[in-house]
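Report on the structure given below.
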Amino acid sequence: MLQLLETGKSKREIARQISISRNTVDYYVKRFRDTQRSYSELLAFTDQEMSGIVYKELSSPRKDDRYERLAPQLNNLIKELSRRGVTRLLLWKEYRSEDADGYSYQQFCEHLNTYLQVHSAVMHLDHKPAEKAEIDFAGGKMSYVDKQSGELIECPVLIGVLPYSGFTYAEALAGMELGYLIPAIGRCMEYFGGVPECVLSDNMRQMVKKSNRYEPSFTDLAQQWSVHYNTLLLATRIAKPRDKPTVEKAVDLAYQRIYAPLRNDTFGSLGELNYHIKQCLESHNNTLFQKKDFSRKERFLLEEKGLLKPLPAERFEVKYSVTAKVQRNYHVTLGQDWHHYSVPFQYIGKQVTIVYDSEHVEIFLYTERIASHPRNYRKHGYSTLDFHMPERHLHYLEARGWNQEYFLKKADFVGIHFKQAITHVLDGRRFTEQTYNACLGLLRLESKYGKQRLEKASQMALTAGIVSYTTISTILINNRDKQIPQTDSTHIPQHENIRGEQTYLDF
């Protein structure tokens, strides 16, 4: 309008060209003239300055003190609205009971919504590659059917994500306990192929022992895990899910891209369930971002994986610790399996600490390790090391350790006929163990009569075809092995009247 007025156009022409009424043109022209400035000077004004000239009367609306009374209450009203069972209608009724001239319900709700929008502004964060991993449990659970009992087993699902690339991990667990959670986080790191600078979780009771905005305290097991993987544990503020927005979004995407595709499938084991979760997970990580030409996996491989810290050489094993007293049989009992493990007998009556994981059991007296065993899950069984036993118990154990190979090996030191005799005795019973006492008795004859006599007596017993402890012992007691053998008097000499076998051949 100012440009047209400056060129000398009439009010009628101006109204026609810019499609406004003639009265509006008259109103604006009057405002321009009141400033006592030329049109060229007014053209140099900013939009805000021109608004102050043209809309001067409209810029000062009627003062309404109702908002001044409501504004200080808005913050508390929003907090009350988050409490269970509190509605906007209830808050409005309470508000009107104290301010009878206050806003209507619709205006009250509009001011609440405006306040929420203003104070719920979010900030865009630029994440650094390999800086952080966020973990959380999805609210919904997945399930499988036990093949033996037919029972439907529900499983919590752990979600892990690297915020920079969005590369995601998901796994169904047998439970939410720390013993299941810690190994699962380790498998998450293995899936990433490395370890970030820190791992962020919410204040889950499995990880955080004491919540604190500035210095949360983590459980001993969680701290052991962080040391093993050379990373730092962090926790969000209490009830502040926006402190870990990436994993919150990853949970929503898991519902869409894992839960939903598998909702009608039935699985027979936890392993089968996780196999199909992994298939959906691969598809999710390979899906292109909206309005971008790359996927989470592509960005992870190109820009982030190489910056992750290396994985430890071995997996972290969850270690448990219990105290026990060394019993009179120099064993301690691991109550979880009801299996008994030996310690050196000198520690009978001592209070010791058992530290164990899925594969090993270690026993400590104060800070000194006094025994170590492989984990044995056989209930009420015994794991005993020979050097933990008193000497007399060891001798008894050696005696109880007889077997066929033991006696044959001992017989080799006496002679070939004695070994044949031992073999004959071992084979003489249906159950070899029933012959062990007889074999032991035969071995002890060597210390009394010597190897040569025992070998000779064994040869005589074998020739007679009666091999036993009693036979060989009798030969030695009666000194028959020392007697000179006599010529056989039953020998038939050759004579022409004696017919041979050829006489009886059939023709």
When the expected Rg is taken as 2.2 N^0.38 Å, what fraction or multiple of it is the alpha-carbon Rg of region 1-92? 1.88
Helix-only [θ]222 nm of the chain, DSSP H runs n ≥ 4, -39500 (n - 2.57) each, per residue, nearest 500: -11500 deg cm²/dmol
Principal-axis tilt of helix 270-286 within the chain, Cα atoms, nearest 10 degrees: 40 degrees
Measure off, as a whole percent, the carbon and sulfur share of the 1.4 Å-probe accessible area of region 140-256, all protein chains present. 49 percent
T46 to N75: extension gain in nm, 0.36 nm per residue of separation minus the Cα-Cα distance? 6.8 nm
Cβ-based charge dipole, the chain, positive-most Cα from L2, P312, Q223: L2
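Taking R0 as 56 Å, what FRET efficiency do you get between S358 and R88 from their Cβ-Cβ distance, rounded to the nearest 0.05?
For R0 = 56 Å, the calculated efficiency reads 0.55.
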List the extent of the Cα atoms of region 279-396 along each of their three principal axes, largest first, rounded to whole Å. 79, 28, 25
Is there a pair in K141/K379; K249/K309; K244/K292 whose C-alpha atoms are over 31 Å apart, and which pairs would that be? K141/K379
Rounded to whole Å², per residue accessible area for the chain with a 1.4 Å probe reads 65 Å²
Across all Cα atoms of region 167-241, Rg and the largest Cα-Cα distance (Dmax), in Å, are 12.2, 32
Could you report the accessible area of M460 in Å², rounded to 10, computed with a 1.4 Å probe on the protein chains as they sit in the structure? 50 Å²
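Once the cut-off is 23 Å, how many percent of the Cα-Cα pairs in region 74-165 end up in the long-distance tail?
More than 23 Å apart: 59 percent of the Cα pairs in region 74-165.
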If you average 1/r over all unlike Cα pairs in the chain and invert the result, what Kirkwood radius do you get in angstrom? 34.2 Å
Taking the reciprocal of mean 1/r across every pair of different Cα atoms in region 203-309, the Kirkwood radius in Å is 16.9 Å
Near K209, which lysines are there with a Cα under 18 Å away, not counting those fewer than 8 places off in the same chain? K240, K319
Straight-distance crosslink candidates among lysines, where the alpha carbon sits under 26 Å from K482 and sequence neighbours closer than 8 are dropped: K410, K419, K448, K451, K456
Ordering W92, W225 from largest to smallest accessible area (1.4 angstrom probe), what's the sequence? W92, W225
P(r) histogram, all alpha-carbon pairs of region 256-330 included - 5 Å bins from 0, percent: 3, 10, 12, 11, 13, 14, 11, 7, 4, 4, 4, 3, 1, 1, 0
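The values are calculated or read from the model by the stated rules, or taken from the named source; none is laboratory data. All values derive from a computational prediction rather than experimental measurement. Note that each Cβ is placed from the backbone with ideal geometry, even for glycine, and that neighbours are counted across all protein chains shown. What goes into the accessible areas is simple: the full protein's heavy atoms, side chains included, and nothing from ligands, DNA or RNA. Shrake-Rupley method; radii C 1.70, N 1.55, O 1.52, S 1.80 Å.
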